[in-house]
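Heads up: the structure comes next, in structure tokens.
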Amino acid sequence: QVQLAESGGGMVQSGGSLRLCCVASGSATRFDVMGWYRQAPGKQREFVATSTGHGLSNYAYSVKDRFTLSRHNANNTVYLQMDSLTPEDTAVYYCYARNFRGPYWGQGTQVTVSS
């Protein structure tokens with residue numbers, strides 16, 4: 001049974017930084033894709049950043065140049081370094097992983113940015 005355990009959320013002032021961590025367990029096969037999505041109050045869940053594990057990462061335009069995704073395939077861990085945070089980044093951030101059996105989601109971690 002695949003489980004994604006997220007950590008690192010919290011509250012920060014505008015301009016501050018946070019680092020999210022997600023550890024995936026329970027899969028004998030590697031994940032093709034790992035990354036993050038987010039959902040702000042009253043909005044749909046949206047893509048933030050993902051990595052294929054071959055050094056190729058994709059970012060949403062709204063976070064490009066502020067967020068950095070890093071992935072450690074050996075221990076199925078993915079990090080999201082978030083810098084220059086703004087109140088518009090306030091959301092629940094969900095870890096995402098995908099292998100041949102399907103997509104998986106974490107429970108989410110709250111990120112709140114105050115102005």
Open item on the list: Yes or no: the stretch 69-87 includes at least one residue that is touching a residue at least 60 places away in the same chain (Cβ under 8 Å) and among the charged types (D, E, K, R).
Closed with: yes
Open item on the list: Exactly one condition in (1) part of a loop (DSSP other than H, G, I, E, B); (2) modelled with pLDDT under 95 is false for ALA24; which is it?
Closed with: (1)
TODO: Taking GLN81 as the residue in question, decide whether it is at pLDDT 95 or above, surrounded by fewer than 16 Cβ atoms within 10 Å (Cβ to Cβ) and over 14 Å from CYS22 (Cα atoms).
DONE: no
Task: Residue in the stretch 31-66 that is surrounded by the most Cβ atoms within 10 Å (Cβ to Cβ), counting only those that are aromatic (Phe, Trp, Tyr) and not in a loop (DSSP other than H, G, I, E, B) - done: TRP36
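When the stretch 67-78 is examined, which residues are found to be open to solvent by 50 Å² or more (accessible area, probe 1.4 Å) and of a type outside the set (Gly, Ala, Ser)? Before you say what the answer is, go through the steps one by one.
Filtering the stretch 67-78 down to residues open to solvent by 50 Å² or more (accessible area, probe 1.4 Å) leaves 68, 72-75.
The answer is THR68, HIS72, ASN73, ASN75.
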- [ ] Collect the residues in the stretch 89-115 that are assigned to a loop (DSSP other than H, G, I, E, B) and either open to solvent by 20 Å² or more (accessible area, probe 1.4 Å) or among the aliphatic types (A, V, I, L, M) (or both), keeping them in residue-number order.
- [x] THR90, PHE100, ARG101, GLN107, GLY108, SER115
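The values are calculated or read from the model by the stated rules, or taken from the named source; none is laboratory data. Since the structure is predicted, the reported quantities are computational estimates derived from the model, not experimental observations. Reconstructed Cβ throughout: ideal geometry from the backbone, glycine too, with neighbour counts over all protein chains shown. Surface areas here come from the heavy atoms of the whole protein model, side chains and all, with no ligands, DNA or RNA. Shrake-Rupley method; radii C 1.70, N 1.55, O 1.52, S 1.80 Å.
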